[in-house]
1. Any idea how many residues of the range 182-196 are surrounded by fewer than 24 Cβ atoms within 10 Å (Cβ to Cβ) and of a type in the set (A, V, I, L, M)?
2. Kindly indicate whether residue 342 is at pLDDT below 85, at positive phi and surrounded by fewer than 16 Cβ atoms within 10 Å (Cβ to Cβ).
3. Would you kindly identify the strands (runs of 3 or more DSSP E) lying entirely within the range 29-110 that contain at least 1 residues that are under 24 Å from residue 142 (Cβ atoms) and of a type in the set (Asp, Glu)?
4. Among the residues of the range 147-164, what is the count of those that are of a type in the set (Ser, Thr, Tyr) and in contact with a Phe, Trp or Tyr (Cβ under 7 Å, 6 or more places away or on another chain)?
5. Residues that are under 22 Å from the mean Cα position of the chain (by Cα) and surrounded by fewer than 22 Cβ atoms within 10 Å (Cβ to Cβ): does the range 159-166 have at least one?
6. From the list 210, 201, 224, 179, which residue is in contact with a helix residue (DSSP H, G or I) (Cβ under 7 Å, 6 or more places away or on another chain) and either assigned to a strand (DSSP E or B) or in the same structural domain as residue 292 (by TED's automatic domain parsing) (or both)?
7. Take the range 351-393 and flag every residue that is of a type in the set (Asp, Glu) and either under 17 Å from the mean Cα position of the chain (by Cα) or part of a helix (DSSP H, G or I) (or both).
8. Against the condition in contact with a Phe, Trp or Tyr (Cβ under 7 Å, 6 or more places away or on another chain), closer than 20 Å to residue 215 by Cβ and not charged (D, E, K, R), how does residue 374 come out, does it pass?
Amino acid sequence: MASILRQIVAGPRSRHPEAGLDLCYVTDSIIATSGPSSVYPQRAYRNPLDSLVKFLDDKHKGNWAIWEFRAEGTGYPDEEVYGRIWHYPWPDHHPPPFALVPNMMASMRNWLIENDKRVVVVHCKAGKGRSGTVACSYLISECAWAPADALARFTERRMRPGFGRGVSIPSQLRWVDYVHQWTRNGKAYVERRVEIVELHVWGLRDGVKVAIEGFIDEGKAIKVFHVFKRNERLIVDTGEDKGDGKDGLREDNKPEVPKQGVASEITDSSSHSESPTMEELPGGETGGRAVIFRPKVRVVLPTNDVNIDFERRNKAGYGWTMVTSVAHVWFNAFFEGLTSAEPNGNTSLDSGTFEIEWDKMDGIKGSPRKGTRALDRLVAVWKVFDEDRGVDIKEPGIGEEVSQAAPADWKGVDKKDDRLLGKDLGLRVESPASADLSKASSIFEGDLEPDTNNQESSTDKSEEAETSQDLLQPTANAPARNIADLGLWLDTASYTTPASTPNDEVSKSTDNGDDDADATIADVGTSH
């Protein structure tokens, strides 16, 4: 029975014919495997840790070591693999914080060059997305493989024929390309604080929450840094004129895409403008609106890694709300600056834009499935915070000491306190704590008290009652808060619903980010 369960869970991934385990040899020196476990019930349907260790001992003696990437916990203590394990955890279905990459590559290289019989064993949960991203990154940066060849090799060895690509999540594929850029540019990387100046969104539908997120806790968790409110949006085009514009947007009214290096001009000229917005908006689904989201307080992320998150909800009645759209996209400002820099060198690398269409964003758990369309196109305008010179992160040389991250609790993360990002479509229960204000929201299994010691993001006293429970905006140098600090009652008036709609409140939680496991979702967003 256990063998059948493991075959079902492995699904499209190839099993090693000799070991009878869910693993593959990407090359002679790189093994990719799904996350093993030493405890029940996980070991009943995943690789039993003792079986994996026995296979590696028999095949490679003492010449193997593990690199694990599970922010949700490994499922076994280090002692059960002789302590030969390197930890670089980050959340499932997401790319790694790029600052981890140089040390990951150096530690793997230093292990392998000591002995030509040595192998590295990489695993996340399914041994696919995160493991594939690292395996391909190593082939590109240390073995001079082309990105396409590395990705094709991983798919060939890891997946059963006809069951898709090994690395398939768009943001993870973008990171593989960043590794290629990093390698071509002498492996130079500067970690900086990045400010999101504004977001330009075309074809925005009703009921869409827009949030800015980034990594904290060495990359083991994802933090919500800002949720846009109603008074932080500028509606440029309501979509009423169907004209010649795509999806009902007028071409002559579409805001111009900002060019590289113009973030400061945008901020100086329009950050506090009183441009009127159209309050009476059509409720039809066709088309959408051209909207600029401009935060009233500076939104500063601690690293170059930026996630823009979208969620759309509709009122379902009887105390329920329906999540109909989920999408997000990660980009790294350092490499986007390199990509968009002009050859003549006149363009600064300290500001720029990132552009993407809806169809190319990450969907539910990294899949293409995103639900109904929430928008058509996004342009994020960013700049380095106050000309922050940043920190040079170099790949350690051969034989040099290499650091690793602190591991997550191997027994797993308590879902109530989990900060790993994960969402799905479906019904949610309205929050009883905010039923008088919120048209759609969701709650944890247990109430969290909002942090009343922090300043609120709105400074307009006339809006104090309206925004008294808005998302708390950290200052640039503030320490990272956990999910309890964020509070449950976050204003989500970043929507295209009419202004007469009462202010909506939201709650933010996360799941354990596993590839295959069901998730406990309590994410945020509202709609009318």
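The values are calculated or read from the model by the stated rules, or taken from the named source; none is laboratory data. Bear in mind that the values here come from a model prediction, so they are computed numbers and not experimental data. FYI the Cβ positions are ideal-geometry reconstructions off the backbone, even for glycines, and counts take in every protein chain you see.
1. 2
2. On the way: at pLDDT below 85: yes; at positive phi: no; surrounded by fewer than 16 Cβ atoms within 10 Å (Cβ to Cβ): yes.
So residue 342 does not fit the description; no.
3. On the way: elements: 30-33, 64-70, 85-90.
Filter on the range 29-110 gives 64-70.
4. Kept after step one, since they are of a type in the set (Ser, Thr, Tyr), are these residues of the range 147-164: 155.
Remaining after also requiring in contact with a Phe, Trp or Tyr (Cβ under 7 Å, 6 or more places away or on another chain): none.
So the answer is 0.
5. Taking the range 159-166 as the starting set, the residues that turn out to be under 22 Å from the mean Cα position of the chain (by Cα) are 164-166.
Those still in the list that are surrounded by fewer than 22 Cβ atoms within 10 Å (Cβ to Cβ) too: 164-165.
There is at least one residue in the range 159-166 that is under 22 Å from the mean Cα position of the chain (by Cα) and surrounded by fewer than 22 Cβ atoms within 10 Å (Cβ to Cβ).
6. Details: 210 fails: in contact with a helix residue (DSSP H, G or I) (Cβ under 7 Å, 6 or more places away or on another chain); 201 fails: in contact with a helix residue (DSSP H, G or I) (Cβ under 7 Å, 6 or more places away or on another chain); 179 fails: either assigned to a strand (DSSP E or B) or in the same structural domain as residue 292 (by TED's automatic domain parsing) (or both).
Just a single option satisfies the conditions, and that option is 224.
7. Filtering the range 351-393 down to residues of a type in the set (Asp, Glu) leaves 355, 357, 359, 362, 376, 386-388, 392.
Once the filter is applied, which keeps residues that are of a type in the set (Asp, Glu) and either under 17 Å from the mean Cα position of the chain (by Cα) or part of a helix (DSSP H, G or I) (or both), the range 351-393 yields 355, 357, 359, 362, 386, 387.
8. It is false that residue 374 is in contact with a Phe, Trp or Tyr (Cβ under 7 Å, 6 or more places away or on another chain), closer than 20 Å to residue 215 by Cβ and not charged (D, E, K, R).
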